[in-house]
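Below: one structure, written as structure tokens.
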Amino acid sequence: MIDLVTYDAATGEYALIMIEERPWTDSPEQLAQLSEKINNYAMFALDEGLLRAYPQSAGHPVRIQLDCTGVPTPRAQEYLDLTTGRLGDYRIRFVVNLLG
């Protein structure tokens, strides 16, 4: 399930926005759940789920955006940095957006 899909007119990107409301910890469960969610979002974009649900997204770049209220722990940030590189290989931009 995708939390939110928006079109960003400023960048021309379709943004798949995921929300992390929990405080950051280094618990294996939180990082595993985050990894699974990111993989699901990536598959939605790569397996044409986005195109089927939003035909107007054809030809537009895609970003996966993680909205969170706190700064990730160093361990979580290391994982997010790896994720950024891996998704970049598929031309999907990944960003962390700190709210508030």
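The values are calculated or read from the model by the stated rules, or taken from the named source; none is laboratory data. If you're wondering where the values come from, they're calculated on a predicted model, not measured in any experiment. Every residue, glycine as well, gets a Cβ built from its backbone with ideal geometry; the counts of neighbours run over all protein chains shown. In case anyone asks, the SASA skips ligands and DNA or RNA and just uses the protein heavy atoms, side chains included. Shrake-Rupley method; radii C 1.70, N 1.55, O 1.52, S 1.80 Å.
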Taking segment 72-84 and the residues there that are hydrophobic (A, V, I, L, M, F, W, C) and open to solvent by less than 30 Å² (accessible area, probe 1.4 Å), the one that is farthest from GLU48 (Cα to Cα) would be ALA76
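Can you go through TYR79, TYR14 and tell me which one is assigned to a helix (DSSP H, G or I), touching a residue at least 40 places away in the same chain (Cβ under 8 Å) and not hydrophobic (A, V, I, L, M, F, W, C)? Show your work before the answer.
Details: TYR14 fails: assigned to a helix (DSSP H, G or I).
One residue alone meets the criteria, TYR79.
Go through segment 67-76 and report how many residues are in contact (Cβ under 8 Å) with a residue 12 or more places away in the chain, out of contact with any helix residue (DSSP H, G or I) (no Cβ under 7 Å at 6 or more places or on another chain) and of a type outside the set (Val, Ile, Thr). If you could, list the steps in order and put the result at the bottom.
The initial filter retains those residues of segment 67-76 that are in contact (Cβ under 8 Å) with a residue 12 or more places away in the chain, namely 67-73, 75-76.
Keeping just the survivors that are out of contact with any helix residue (DSSP H, G or I) (no Cβ under 7 Å at 6 or more places or on another chain) gives 67-71, 73, 75.
In the following step, the residues that additionally are of a type outside the set (Val, Ile, Thr) were identified as 67-68, 70, 75.
The number of residues fulfilling the criteria is 4.
A quick yes/no check of all residues on (1) closer than 22 Å to TYR7 by Cα; (2) open to solvent by 90 Å² or more (accessible area, probe 1.4 Å); (3) of a type in the set (Asp, Glu); (4) at pLDDT below 95:
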{"residue": "SER57", "(1), (2), (3), (4)": "yes, no, no, no"}
{"residue": "HIS60", "(1), (2), (3), (4)": "yes, no, no, no"}
{"residue": "LEU66", "(1), (2), (3), (4)": "yes, no, no, no"}
{"residue": "GLY70", "(1), (2), (3), (4)": "no, no, no, yes"}
{"residue": "ARG86", "(1), (2), (3), (4)": "no, yes, no, no"}
{"residue": "ARG91", "(1), (2), (3), (4)": "yes, yes, no, no"}
{"residue": "VAL95", "(1), (2), (3), (4)": "yes, no, no, no"}
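Here's a check for you: in segment 1-33, which residue that is hydrophobic (A, V, I, L, M, F, W, C) and in contact with a strand residue (DSSP E or B) (Cβ under 7 Å, 6 or more places away or on another chain) is surrounded by the most Cβ atoms within 10 Å (Cβ to Cβ)? Spell out the reasoning first.
Filtering segment 1-33 for residues hydrophobic (A, V, I, L, M, F, W, C) gives 1-2, 4-5, 9-10, 15-19, 24, 31-32.
In the following step, the residues that additionally are in contact with a strand residue (DSSP E or B) (Cβ under 7 Å, 6 or more places away or on another chain) were identified as 2, 4-5, 15-19.
On the way: ILE2: 16, LEU4: 11, VAL5: 16, ALA15: 19, LEU16: 25, ILE17: 17, MET18: 18, ILE19: 15.
Restricting to residues being hydrophobic (A, V, I, L, M, F, W, C) and in contact with a strand residue (DSSP E or B) (Cβ under 7 Å, 6 or more places away or on another chain), the top hit is LEU16.
Being part of a helix (DSSP H, G or I) and without any contact (Cβ under 8 Å) to a residue 12 or more places away in the chain is the filter; apply it to segment 41-55 and report the residue that is surrounded by the fewest Cβ atoms within 10 Å (Cβ to Cβ). So that I can check it myself, show each step before the final result.
If we filter segment 41-55 for residues that are part of a helix (DSSP H, G or I), which is where we start, we get 41-46, 49-53, 55.
Next cut, without any contact (Cβ under 8 Å) to a residue 12 or more places away in the chain only: 43, 49, 51-52, 55.
Values: MET43: 11, GLY49: 15, LEU51: 17, ARG52: 10, PRO55: 8.
The extreme case among them is PRO55.
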